[in-house]
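The numbers here are math on the coordinates, done by the rules we state, and not lab data. This is a predicted model, so every value here is computed, not measured. As a convention, Cβ positions derive from the backbone with ideal geometry for all residues, glycine included, and neighbour counts pool all protein chains shown.
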Amino acid sequence: MDTLTFLGTGDAMGVPRMYCECAVCMEARTSGTNNRLRSSVLIEGGNEHWVIDCGPDWRRQMELLGLREMRTLLVTHPHFDHIGGLPEWADVCRWSGYRGQLYAPAEVIPVIQRQYPWLGGHIDMIPCDDGLTLNGWDIITWRVNHGKNGYSYAYRLSKNGYTWVYCPDSISLGPEETKHMHGADLLVLGTSFYHEEAELSTRSVYDMKEAAELLELVKPKQAVYTHMSHDVDLRKSYSLPQQVTLAVTGMKLPLGG
Ligand SMILES: [Zn+2]
Ligand SMILES: [Zn+2]
């Protein structure tokens, strides 16, 4: 059975934030329960492994797991916290003598190319709007509202009757955007805050209170919240739907059964 590993579970700025001395950031600097690298997941099965999103903590995430190779990547959207590690990956591809395979929705690829024009020397960028198959996973992707930050994409992955969805950056999703989430075995959802006070028009990611309403609608068997800011303290117990777990960096889940 394949396994899912949370390489990072933080929001765009990670935890701790350098300027911040809040209780969560201070704890993240010491015992470190709340230390959160930028959000990314690793999928392993057989002798294969691949990753969704490659933020600025990517190299450290690979080193922490002792991984020396990454040939395949899926990208949800071209924000720094999801693509900031691409130049380092391209360098790995260069010195390892293989071309990386980067799958992303077609509209995302030119944004990556503008940001890092030299990546094409070492990485193939392959549009995946019509879906793809990776190591036995049937994968589809669709565009989701990312609030004031524009749009991101979610991925739904199915293998041997098990279906899970990865959607780290989204908010206020409508019926078209949630239709592929219904009845998933696992929904991995970004929730930056427990309850974010800021005006909705200024926000870009679900909070946990809104996420509970989404879960009520799409009814995943299990849900894991990720992409969490320093608002979330893993030492606290929050009032959450019973199928929810808060992701911890390094946490592993079986993708099946
Ligand atoms: Zn993000
Ligand atoms: Zn803080």
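Can you classify the chain as rounded, prolate or oblate using the Cα gyration tensor, where a ≥ b ≥ c are the square roots of its eigenvalues, rounded means a/c under 1.5, and otherwise it's prolate if a/b beats b/c and oblate if not? Verdict is rounded for the chain.
Note on the chain: lysine pairs with Cα distance below 23 Å, sequence gap of 8 or more or different chains, count 15. Extending 7 Å from Cα along the Cβ direction at residue 158 and again at residue 252 yields two label points whose distance is 2.8 nm.
Quick one: net charge around residue 82, please, counting Lys, Arg +1 and Asp, Glu -1 for every other residue with C-beta under 12 Å from its C-beta. Result for the neighbourhood of residue 82: -4. The ranking of 20, 93 from fewest to most other beta carbons within 10 Å of each one's beta carbon is 20, 93. Ordering of 247-254, 159-166, 188-195 by packing is 188-195, 159-166, 247-254, highest average first (other Cβ atoms within 10 Å, averaged per residue). For the chain, modelled as a GNM whose springs connect Cα atoms under 10 angstrom apart, the maximal fluctuation among 235, 156, 38 occurs at 235. Each label point was placed 7 Å from the Cα along the Cα-to-Cβ direction; for residue 63 and residue 243 their separation is 3.9 nm.
Exposure proxy check: 50, 89, 95 ranked by fewest other beta carbons within 10 Å?
95, 50, 89
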